[in-house]
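Q: My questions all concern the structure below.
The values are calculated or read from the model by the stated rules, or taken from the named source; none is laboratory data. Every value quoted in this text rests on a predicted model; they were computed, and no experiment measured them. Backbone-built Cβ (ideal geometry, glycine too); neighbour counts: all protein chains shown.
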(Lines give C-alpha, C1' and ligand atoms only; values in the text may rest on other atoms or scores of the structure.)
Protein backbone atom coordinates (compact mmCIF):
# COMPACT_ATOMS: atom_id res chain seq x y z
CA UNK A 1 0.00 0.00 0.00
CA UNK A 2 1.39 3.36 -1.02
CA UNK A 3 1.78 6.00 1.67
CA UNK A 4 -0.53 9.00 1.48
CA UNK A 5 2.33 11.24 2.58
CA UNK A 6 5.69 10.97 0.86
CA UNK A 7 8.93 10.52 2.77
CA UNK A 8 10.09 13.83 1.33
CA UNK A 9 7.02 15.66 2.66
CA UNK A 10 7.56 14.11 6.10
CA UNK A 11 11.16 15.32 6.03
CA UNK A 12 9.89 18.73 5.00
CA UNK A 13 7.54 18.70 8.01
CA UNK A 14 10.40 17.77 10.35
CA UNK A 15 12.49 20.68 9.08
CA UNK A 16 9.41 22.87 9.25
CA UNK A 17 8.82 21.77 12.84
CA UNK A 18 12.34 22.91 13.74
CA UNK A 19 11.77 26.21 11.97
CA UNK A 20 8.44 26.52 13.77
CA UNK A 21 10.22 26.27 17.13
CA UNK A 22 12.60 29.07 16.11
CA UNK A 23 9.70 31.08 14.70
CA UNK A 24 7.54 30.64 17.79
CA UNK A 25 10.45 31.17 20.21
CA UNK A 26 11.36 34.53 18.69
CA UNK A 27 7.68 35.50 18.52
CA UNK A 28 7.07 34.57 22.16
CA UNK A 29 10.22 36.27 23.51
CA UNK A 30 9.67 39.42 21.46
CA UNK A 31 6.05 39.70 22.51
CA UNK A 32 6.37 38.76 26.18
CA UNK A 33 9.84 39.82 27.27
CA UNK A 34 10.85 42.57 24.84
CA UNK A 35 7.35 44.05 24.51
CA UNK A 36 7.75 44.67 20.76
CA UNK A 37 4.92 45.40 18.34
CA UNK A 38 2.93 42.28 17.44
CA UNK A 39 3.50 42.60 13.69
CA UNK A 40 7.17 43.58 13.93
CA UNK A 41 7.88 40.56 16.13
CA UNK A 42 5.93 38.32 13.76
CA UNK A 43 8.04 39.55 10.84
CA UNK A 44 11.39 38.98 12.62
CA UNK A 45 10.31 35.52 13.68
CA UNK A 46 9.09 34.61 10.20
CA UNK A 47 12.30 35.58 8.41
CA UNK A 48 14.47 33.81 10.97
CA UNK A 49 12.44 30.67 10.32
CA UNK A 50 12.98 31.10 6.57
CA UNK A 51 16.73 30.70 7.04
CA UNK A 52 16.29 27.64 9.25
CA UNK A 53 13.91 26.13 6.71
CA UNK A 54 16.21 26.84 3.79
CA UNK A 55 19.28 25.23 5.32
CA UNK A 56 17.33 22.31 6.78
CA UNK A 57 15.66 21.53 3.49
CA UNK A 58 18.90 21.93 1.57
CA UNK A 59 20.76 19.50 3.84
CA UNK A 60 17.94 17.08 4.74
CA UNK A 61 14.74 17.15 2.67
CA UNK A 62 16.26 17.80 -0.77
CA UNK A 63 19.80 16.59 -0.07
CA UNK A 64 19.72 14.13 -2.97
CA UNK A 65 19.24 16.88 -5.55
CA UNK A 66 21.89 18.85 -7.34
CA UNK A 67 22.09 22.22 -5.60
CA UNK A 68 22.87 25.53 -7.16
CA UNK A 69 24.99 27.76 -4.96
CA UNK A 70 23.43 29.17 -1.81
CA UNK A 71 23.86 32.62 -3.37
CA UNK A 72 21.33 31.57 -6.01
CA UNK A 73 19.01 29.56 -3.79
CA UNK A 74 18.69 31.91 -0.79
CA UNK A 75 17.03 34.67 -2.86
CA UNK A 76 14.68 32.02 -4.25
CA UNK A 77 13.92 30.94 -0.68
CA UNK A 78 13.03 34.49 0.32
CA UNK A 79 10.85 34.99 -2.77
CA UNK A 80 9.06 31.74 -1.95
CA UNK A 81 8.74 32.76 1.69
CA UNK A 82 7.18 36.05 0.67
CA UNK A 83 4.68 34.19 -1.51
CA UNK A 84 3.92 31.76 1.34
CA UNK A 85 3.67 34.74 3.66
CA UNK A 86 0.46 35.76 1.90
CA UNK A 87 -1.70 32.88 3.21
CA UNK A 88 0.26 32.83 6.48
CA UNK A 89 -0.24 36.52 7.36
CA UNK A 90 -3.75 36.63 5.89
CA UNK A 91 -4.94 33.94 8.29
CA UNK A 92 -2.93 35.45 11.17
CA UNK A 93 -4.33 38.95 10.60
CA UNK A 94 -7.93 37.77 10.16
CA UNK A 95 -7.90 35.79 13.40
CA UNK A 96 -6.24 38.62 15.38
CA UNK A 97 -8.82 41.07 13.98
CA UNK A 98 -11.78 38.81 14.73
CA UNK A 99 -10.57 37.67 18.15
CA UNK A 100 -8.55 40.44 19.84
CA UNK A 101 -7.85 38.56 23.09
CA UNK A 102 -4.11 37.85 23.52
CA UNK A 103 -4.59 34.07 23.64
CA UNK A 104 -5.80 34.22 20.05
CA UNK A 105 -2.46 35.71 18.96
CA UNK A 106 -0.94 32.26 19.50
CA UNK A 107 -3.79 30.44 17.81
CA UNK A 108 -3.50 32.88 14.89
CA UNK A 109 0.24 32.21 14.77
CA UNK A 110 -0.21 28.44 14.52
CA UNK A 111 -3.04 28.57 11.98
CA UNK A 112 -1.09 31.07 9.86
CA UNK A 113 1.89 28.72 9.77
CA UNK A 114 -0.35 25.83 8.72
CA UNK A 115 -1.85 27.96 5.94
CA UNK A 116 1.60 28.72 4.51
CA UNK A 117 3.00 25.19 4.74
CA UNK A 118 1.55 23.74 1.54
CA UNK A 119 2.60 26.64 -0.69
CA UNK A 120 6.02 26.57 0.94
CA UNK A 121 6.43 22.86 0.15
CA UNK A 122 5.37 23.23 -3.48
CA UNK A 123 7.67 26.23 -3.98
CA UNK A 124 10.58 24.42 -2.29
CA UNK A 125 10.09 21.33 -4.43
CA UNK A 126 9.44 23.03 -7.77
CA UNK A 127 11.37 26.32 -7.49
CA UNK A 128 14.03 26.57 -4.78
CA UNK A 129 15.51 23.09 -5.01
CA UNK A 130 14.83 22.46 -8.67
CA UNK A 131 18.02 23.15 -10.62
CA UNK A 132 16.03 23.65 -13.80
CA UNK A 133 14.23 26.75 -12.49
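Q: Tell me yes or no: at least one residue of the stretch 9-31 is in contact with a helix residue (DSSP H, G or I) (Cβ under 8 Å, 6 or more places away or on another chain) and in a loop (DSSP other than H, G, I, E, B).
A: No, that holds for no residue.
Q: In the stretch 28-43, how many residues are at pLDDT below 90 and within 20 Å of residue 16 (Cβ to Cβ)?
A: The qualifying residues number 2.
Q: With the requirement that a residue be at pLDDT 90 or above and exposed (fewer than 15 other Cβ atoms within 10 Å of the Cβ), what does the stretch 104-116 give you?
A: 107
Q: I'm trying to understand the selection: among the residues of the stretch 117-133, which are surrounded by 13 or more Cβ atoms within 10 Å (Cβ to Cβ), in contact with a helix residue (DSSP H, G or I) (Cβ under 8 Å, 6 or more places away or on another chain) and assigned to a loop (DSSP other than H, G, I, E, B)?
A: Within the stretch 117-133, 129 is the sole residue that qualifies.
Q: Also, I was wondering about something else. Could you please tell me which pairs satisfy a Cβ distance under 7 Å, a separation of 6+ or placement on different chains, a first residue in the stretch 20-37 that is under 20 Å from residue 111 (Cα atoms), and a second residue that is assigned to a loop (DSSP other than H, G, I, E, B)?
A: Taking only residues 6 or more apart or on different chains, the pairs are 30/36.
Q: Next up: With (1) assigned to a helix (DSSP H, G or I); (2) surrounded by fewer than 16 Cβ atoms within 10 Å (Cβ to Cβ); (3) modelled with pLDDT of 90 or more as the list, and residue 92 as the residue in question, which single condition is left unmet?
A: (2)
Q: From the list 58, 65, which one is assigned to a helix (DSSP H, G or I), closer than 19 Å to residue 131 by Cβ and either touching a residue at least 12 places away in the same chain (Cβ under 8 Å) or touching a strand residue (DSSP E or B) at 6+ places or on another chain (Cβ under 8 Å) (or both)?
A: Details: 65 fails: assigned to a helix (DSSP H, G or I).
Answer to the selection: 58.
Q: Taking the stretch 90-128 as the region of interest, how many residues are more than 17 Å from residue 28 (Cα to Cα), under 12 Å from the mean Cα position of the chain (by Cα) and touching a residue at least 40 places away in the same chain (Cβ under 8 Å)?
A: Going through the stretch 90-128 one residue at a time, the tally reaches 5.
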